[in-house]
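Nothing in this text is a laboratory measurement; each read-out follows from the coordinates by a stated rule. The structure displayed is predicted, hence computed values, not measured ones. Cβ coordinates were reconstructed from backbone atoms using ideal geometry, including for glycine residues, and neighbour counts include every protein chain displayed.
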Amino acid sequence: MAQKEEDDAAVTSETVESDFQQHFFEALKERAIENYGKAIDHLLECKMLDADNGAVDYELGINYLSAGLFEDAENYLLAAVEKEPENRWYSEALFKVYKAQNKTDEAIYTAEKLAKTKDAFKESLVYLYSKNSDYEKALAQLDTLDQLYGHSDDREQLRVNLKAMQKRKTQIEEDVEELEATEVDTGEEEAIDAIEKLELDLMRLNDAKQYTKVLELAEEALASYPTQPFIYYMHGVANKELKQYDVAIESLDMALSFLIDDVVLEKRIYTELAACHKQLGNIQKEQEYLHKAKSI
């Protein structure tokens, strides 16, 4: 009887393993031909057979990512990373999900870990730090990349742009402090300082990811200052973060129409336009604006 129980258990185990392998390889085949829904169905069957398998969590994550279901992708990839923290493939996939959702802080945290073993993520950190307005860290990463790879004209141009953005942010902060410390005598000076304060307030709200408040403040500001490109730019960024891509594109186009001699802001506008068109599936437009941003 004991021998029979052992034999039955062995048969059951072999059957489960066979079923698991069949569903897993079917999932790989479906993913290869971009049938992500069918791949997910097979992987969920695998999950029922082996709930603790990190490879299944990973495959579910990348299939949900490819299908544009970012929340599900994040949940499964977090589970995979928790099971195997040192698995670089799992962390890289999670990084892609964070970028797709514009979760900059989470993307930075993941990229900083990945950058310890893969230099390519040091380049990603330059972009992410600058997006968070942390220009000092972005510039430090550029220095690190120069030490690794030598001088690059592209990196040097990016360094110039980052320093200009850093200077702009510092100047706005200083102007606001001065405005708060002194009384304004003329209407013209008052208007200029009010615009600078608005710009700083918009940047602070954006850095805090309070996009609805950015939108409200930008719309209120445009009623008084309808020709300010930076306010249109922030209005576009807020709409993009709130997934209102068509409205964002309109605002960013308005920013370009009022823009005069500000290459740093122009580059940022083109970058945001590219991101909006990417979300809408307009790949040709995305590439067009990325090219414009790079050529400045």
| field | Residue-wise HN-Hα coupling along region 148-159, computed from phi with Karplus coefficients 6.51, -1.76, 1.60 (Hz; x: Gly, Pro) | value | 6, 10, x, 5, 9, 4, 5, 5, 5, 5, 5, 4
| request: Would you mind ranking Met48, Met254 by Cβ crowding within 10 Å, fewest neighbours first? | output: Met48, Met254
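Nearest 20 debye, what's the magnitude of the dipole of region 14-101 about its Cα centre given +1 on Lys and Arg Cβ and -1 on Asp and Glu Cβ?
Roughly 440 debye for region 14-101.
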| query | So what's the projected area for region 50-107, the Cα convex hull averaged over all directions, in nm²? | reply | 3.5 nm²
| request: Please order Thr144, Thr15 by the number of other Cβ within 10 Å, starting at the fewest. | output: Thr15, Thr144
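List Arg159, Arg268, Arg204 from most exposed to least, where exposure is judged by having the fewest other Cβ atoms within 10 Å.
Arg204, Arg159, Arg268
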| message | Can you find, among Leu77, Asn87, Tyr135, the residue sitting farthest towards the positive end of the charge dipole of the chain, where Lys and Arg contribute +1 and Asp and Glu -1 at Cβ? | response | Asn87
| query | Relative contact order, percent, of the chain when contacts are C-alpha pairs under 8 Å separated by at least 6 residues? | reply | 7 percent
| said: Through the Karplus equation 6.51 cos²θ - 1.76 cosθ + 1.60, θ set to phi - 60°, convert the phi angles of region 33-38 into ³J(HN,Hα) values in whole Hz; use x for Gly and Pro. | reply: 9, 6, 8, 5, x, 5
| Amide H partners (placed H, <5 Å) of Gln228, local residues excluded | none
| task | With a cut-off of 13 Å, note down the residues of region 148-174 whose backbone N falls inside the zone around a label point 7 Å from the Cα of Asp119 toward its beta carbon. | result | 148-152
| Rounded to the nearest 500, what is the chain's calculated 222 nm mean residue ellipticity when only DSSP H runs of at least 4 contribute -39500 (n - 2.57) each, over all residues? | -27500 deg cm²/dmol
| said: Taking the Cα centre as origin and putting +1 on Lys and Arg beta-carbons and -1 on Asp and Glu beta-carbons, what dipole magnitude results for the chain, to the nearest 20 debye? | reply: 920 debye
| query | What's the center-to-center distance, using Cα atoms, between region 229-288 and region 59-97 in Å? | reply | 29 Å
| task | State the Cα centre-to-centre distance between region 197-212 and region 25-48 in whole Å. | result | 42 Å
| said: Positive end of the dipole of region 184-295, charges at C-beta (+1 Lys, Arg; -1 Asp, Glu), about the Cα centre: which of Cys276, Tyr225, Val263 has its Cα farthest in that direction? | reply: Cys276
| Estimated vicinal HN-Hα couplings, Hz - region 84-97 in sequence order (Karplus 6.51, -1.76, 1.60; Gly, Pro = x) | 9, x, 8, 7, 5, 4, 5, 5, 5, 5, 5, 4, 4, 5
| request: Return the subset of Lys213/Lys285; Lys169/Lys240; Lys240/Lys292; Lys113/Lys213 for which the Cα-Cα distance in this structure is over 25 Å, preserving the input order. | output: Lys213/Lys285; Lys113/Lys213
| When only C-alpha pairs under 8 Å and at least 6 residues apart count, what is the relative contact order of region 14-101, in percent? | 21 percent
